[in-house]
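Below is one structure, written out as C-alpha cells; comments come after it.
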Amino acid sequence: MSNYKKDIDTTATLISQQGPSWQAINPEYAARMRAQNRFQTGLDIARYTAKIMRADMERYDRDPSQYTQSLGCWHGFIGQQKMISIKKHFNSTDRRYLYLSGWMVAALRSEFGPLPDQSMHEKTSVAALIEELYTFLRQADARELGGLFRELDAANAAGDQAKVEATQAKIDNFQTHVVPIIADIDAGFGNEEATYLLAKKMIEAGACCIQIENQVSDEKQCGHQDGKVTVPHEDFLAKIRAVRYAFLELGVDDGVIVARTDSLGAGLTKQIAVSRAPGDLGAQYNSFLDVEEVDMTTAQESDVLMIQDGKLVRPKRLPSNLFQFRKGSGEDRVVLDCITSLQNGADLLWIETEKPHVGQIKGMVDRIREVIPNAKLVYNNSPSFNWTTNFRQQVFDAWTEEGRDMSQYDRANLMSAEYDDSELAIEADNRIRSFQADAAREAGIFHHLITLPTYHTAALSTDNLAKEYFGSEGMLGYVKNVQRQEIRQGIACVKHQNMAGSDMGDDHKEYFSGEAALKASGKDNTMNQF
C-alpha cells in the first residue's frame, strides 16, 4: 500500500475514533494536505538534504563524472523556478542544488539598499533567505501534487482505471523540489560565538551546508576584489568548529562545512599568529610574512619584531596597521589553508581564484591530495571572470606554444565579435563547455556553482524588455518575447495565478466549505485562456 493510501486509512481511523464531531473531515483531503507538506520544519529539511549531499560526495569519490551543480539565488521565487525548470527538462533534481550567495544578499536583500560584498548587511537576512527559498520549494511540491490530485479525481470520475493507476504511481513516486542549499555565511559575521549563533539560525531554516571563508570578519571583501585580509589558521579553525557544534547541537549529524580560502588573492593579514613551538601552525602562517632583517640598534619603539630562522626580523607593516605577505606566496598559503581545514573538521574546500583555469586549480589540488587523498572542492564559476577573454587567451597561448601562426589574432582584443566565428573562438567555447567536467575529473571539483547568474539574467532580460516595450515595439515587445515564449516553451508561470497558489486555495476552500466554497477558478478566470 502506498504512503498516500496508508495516510488515508490512518486518518479515517482517527476520524472514526473522534466521534460525530469529526465526521465532516474527509480523510483523503487530510492525506493530501499531509503529502503536500512533507517537511514540517527547517531541521527536517536540513537532515534530509544533508544525507543527499553526503551520498553525492561518496558517489563523486567513486566517479568524478558525477559532479554536482547549482545556481545562485536571491529570492525564493528564483530558486523555485530553477527547480521546476530542472524537473521539467531533466525529470530529476539529481545532483542539482541551490546556492545562496552572500554577495546577492548584500546587493539585493539588505534594508540599507544595495551594498558591496563586505558583510555590512543584516546577518539575519541570510537565514531569512534560506527559509524563504525552502518555503517556495515546498510550495512547488504542493502545487505539483495538487495538480496530480486533480488528475486522480478526474480519472476516478471518468472510470479510467489505467489513468487512476498511472496517476497514483506519480503521487507515490513524487520527487520533491527540496534540494540541498550551499549557504554563504561570509566570514562568520563576528567572532566564533557570533558564527555559531548565526550558523544555528541558518541550520534551523534548513541549511545542510555552510560555506565559511578565512577573511577577517570586519574587513571582509568580495573574493574577486582587492584588499582582502586573512586570519591566522587557529582563528579560522575555531569558526569551523563553531559551525560543527551548531550542526551537532541541532541533530544534523551529516551537516557539511565548506572551508573557503581567499589566500590566493589576499596579500594582507591583520594579525601575527601566536606561535608556541617552532614549525607549529602559527609559525607556518608567520613564515609567509614579508619581513626585513634588523638589528636592535635600528629598531624603533613601535616596531613589531620576530625571530625567524635565528634572525631578528621586522614584518612590513602598512599605514593601515596591516601586515603584508611575501609576493608569490599565495598558492603555498592556499595549500596550507586547505590541508589544515580538512584536518580540523571541514568537509569540502573552496579556493577562490582570479581566473577559471583547470591547470592552476589542479596544481593546488594535487599538492593538497598528497596529504588528503579525497580532498574535494566547491568551485565558483564566477561572473566576475570574463570567460570569453580568459579562454580565448588560454587557447591563444597554448597554440603559440605549439608554434602555430597566430598573426591573424590580437591577443589583447580577443573579446571582439570579429573573432566569434574563428577557429580560436570555437575551440575556446568548447573548452568553456567542458570546463566543469574537465575540472571535476582533473582538479577534484565536486560542486560547480555560479554565484550571481540571476542577478545578470534579470538585468539583461529587463534591459531587452524596456528597450522594446518603451520603444517602437510597444506591447508586442512583451507579447512576442515574453508571453508567447512562455506559452510555446511550456513555462508554468504563464499561468501566474496558479503559480501563486490560486488553485491550491480553491482546493482548500472545497475541503473546508464543501459546495459553499467560493472558488476563483470559474469560467471567468482569464487563466483559462492558456
Backbone N under 11 Å from the residue 470 label point (7 Å along Cα→Cβ), restricted to the range 100-144: none
Are there any trypsin sites (Lys or Arg not before Pro) in the range 224-292 that are in a DSSP loop and have at most 15 other Cβ atoms within 10 Å? List them by number. 276
Points 7 angstrom from Cα along the Cβ direction at residue 461 and residue 297: gap in nanometres? 7.3
Per the 1/(1 + (r/R0)^6) rule, R0 = 45 Å and r from the Cβ atoms of residue 484 and residue 150, FRET efficiency to 0.05 is 0.95
Give the Kirkwood hydrodynamic radius (Å, one decimal) of the range 471-517, defined as one over the mean of 1/r across all pairs of different Cα atoms. 12.8
Here the FRET efficiency for residue 442 versus residue 371, based on Cβ atoms and R0 = 25 Å and rounded to 0.05, is 0.85
Where in the range 473-498 is the amide nitrogen less than 13 Å from a point lying 7 Å along the Cα-to-Cβ axis of residue 526? 495-497
Give the value in nm², to one decimal: projected area of the alpha carbon convex hull of the chain, averaged over all directions. 34.2
Helix-derived [θ] at 222 nm for the chain: sum -39500 (n - 2.57) over DSSP H runs of at least 4, divide by residue count, nearest 500? -15000 deg cm²/dmol
Taking the Cβ of each residue in 292, 473 as the centre, tally the other Cβ atoms inside 10 Å and list the residues starting with the fewest. 292, 473
Which trypsin sites (Lys or Arg not before Pro) in the range 382-454 sit in a loop by DSSP (not H, G, I, E or B) and have at most 14 other Cβ atoms within 10 Å of their own Cβ? 404
Qualifying lysines (Cα of each under 16 Å from Cα of residue 509; at least 8 residues distant if same chain): 519
With R₀ set to 41 angstrom, the calculated FRET efficiency between the beta-carbons of residue 25 and residue 51, to the nearest 0.05, is 0.75
Spin-label proximity, residue 308 to the range 319-363 - amide N less than 20 Å from point 7 Å beyond Cα toward beta carbon: 319-338
Gain in span if fully extended, residue 510 to residue 404, counting 0.36 nm per residue against the direct Cα distance: 30.8 nm
Would you mind ranking 320, 287, 416 by Cβ crowding within 10 Å, fewest neighbours first? 320, 416, 287
Compute the distance in nm between two label points, each set 7 Å from the Cα along the Cα-to-Cβ direction, one at residue 157 and one at residue 321. 7.4
Estimated distance in nm for a label pair at residue 12 and residue 122, the labels positioned 7 Å out from Cα along Cα-to-Cβ: 4.9
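Where a number appears in this text, it was derived from the coordinates with a stated rule and is not lab data. Values in this document were obtained by computation on a predicted structure and should not be read as measured data. Glycine gets a Cβ as well: all are built from the backbone with ideal geometry, and neighbour counts include every protein chain shown.
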